[in-house]
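One structure is given below, encoded as structure tokens.
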Amino acid sequence: RTTAYVQDQWSAGRATLNIGLRMDHIRGFSPVLDETVYKPKTSWGPRVGIAYNLTDSDTSAIKAFWGRYYEGAASGFYTSATPGIQDYLHLPVDTNGNLIPNAPPEVITPAQVYAMSDNIKHPRQDEFNISYEQQLRRGMRLTATGIWRWGGNFINNVITGARFSPRTLTNSLTGQTFTAYNWV
């Protein structure tokens, strides 16, 4: 991971503007394969915030911010693209959480080394917030903030050509049946 960040602040009258830019270059290397298996493009995370004092005495302010954040470096994004993973078993348990003796696994997901897309992008989240801040007395402020977040560039496994068959199971806590799917 290589990261760099720049930030600056300007003030004019009652307004203060903060701007920043973060650059993240993250890669995932497999020593077994001796190659980089996770190669997203360099991620650029701009941020901009503004604060405006509503009074000359600096007791009331409105603030707003927008920024783009990228997920940290995590091997979970590319572990399935490296050799050495094992089959994944879901074992049945009773209502007390104990394994049921001699019961076969409910689901078996065979170990499979996945390929990584050439045009993968690192997961991100955008955030916008706006707030009102009021000084109640010296050392005490009341703040109301609205925050909106939305994500993008989600990463998940895709098994090309996979087929699944329905299977009816019973929820051991409620007794209700539901449909699950087995990978065939």
| task | Would you confirm whether any residue within segment 4-18 is touching a strand residue (DSSP E or B) at 6+ places or on another chain (Cβ under 6 Å), in a loop (DSSP other than H, G, I, E, B) and open to solvent by 50 Å² or more (accessible area, probe 1.4 Å)? | result | yes
| request: With the condition kept exactly as written, say whether any residue in segment 67-90 is aromatic (F, W, Y), in contact with a Lys or Arg (Cβ under 9 Å, 6 or more places away or on another chain) and surrounded by fewer than 14 Cβ atoms within 10 Å (Cβ to Cβ). | output: no
| query | Which is without any contact (Cβ under 8 Å) to a residue 40 or more places away in the chain, surrounded by fewer than 10 Cβ atoms within 10 Å (Cβ to Cβ) and either among the aromatic types (F, W, Y) or within 30 Å of A74 (Cα to Cα) (or both), of G146, G151, G139, G161? | reply | G161
| field | Conditions (1) in contact with a Leu (Cβ under 7 Å, 6 or more places away or on another chain); (2) closer than 29 Å to Y38 by Cα: number failed by L142 | value | (2)
| field | Test result for N182, among the polar types (S, T, N, Q), open to solvent by less than 70 Å² (accessible area, probe 1.4 Å) and in contact (Cβ under 8 Å) with a residue 60 or more places away in the chain | value | yes
| request: Would you be able to say whether some residue in segment 53-69 is of a type in the set (S, T, N, Q) and in contact with a Phe, Trp or Tyr (Cβ under 7 Å, 6 or more places away or on another chain)? | output: no
| If W66 passes every condition in (1) outside any loop (DSSP other than H, G, I, E, B); (2) at pLDDT 80 or above; (3) over 30 Å from I19 (Cα atoms) but one, which one does it miss? | (3)
| message | Can you name every one of the strands (runs of 3 or more DSSP E) wholly within segment 138-184 that holds 2 or more residues which are within 30 Å of I62 (Cα to Cα) and in contact with a Lys or Arg (Cβ under 9 Å, 6 or more places away or on another chain)? | response | 140-152
| Does F178 satisfy the condition of being more than 30 Å from K41 (Cβ to Cβ) and aromatic (F, W, Y)? | yes
| message | Scan segment 80-89 and tell me whether some residue there is in contact with an Asp or Glu (Cβ under 8 Å, 6 or more places away or on another chain) and closer than 30 Å to K39 by Cβ. | response | no
| task | Residue by residue through segment 71-108, note down the ones that are touching a residue at least 24 places away in the same chain (Cβ under 8 Å), hydroxyl-bearing (S, T, Y) and outside any loop (DSSP other than H, G, I, E, B). | result | S75, S80
| task | For residues that are surrounded by 14 or more Cβ atoms within 10 Å (Cβ to Cβ), of a type in the set (A, V, I, L, M, F, W, C) and over 18 Å from D126 (Cα atoms), tally how many sit in segment 30-61. | result | 4
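The values are calculated or read from the model by the stated rules, or taken from the named source; none is laboratory data. Quantities reported herein were computed from a predicted structural model and do not represent experimental measurements. Note that each Cβ is placed from the backbone with ideal geometry, even for glycine, and that neighbours are counted across all protein chains shown. Please note that ligands, DNA and RNA were not included when accessible areas were found on the heavy atoms of the full protein model with its side chains. Shrake-Rupley method; radii C 1.70, N 1.55, O 1.52, S 1.80 Å.
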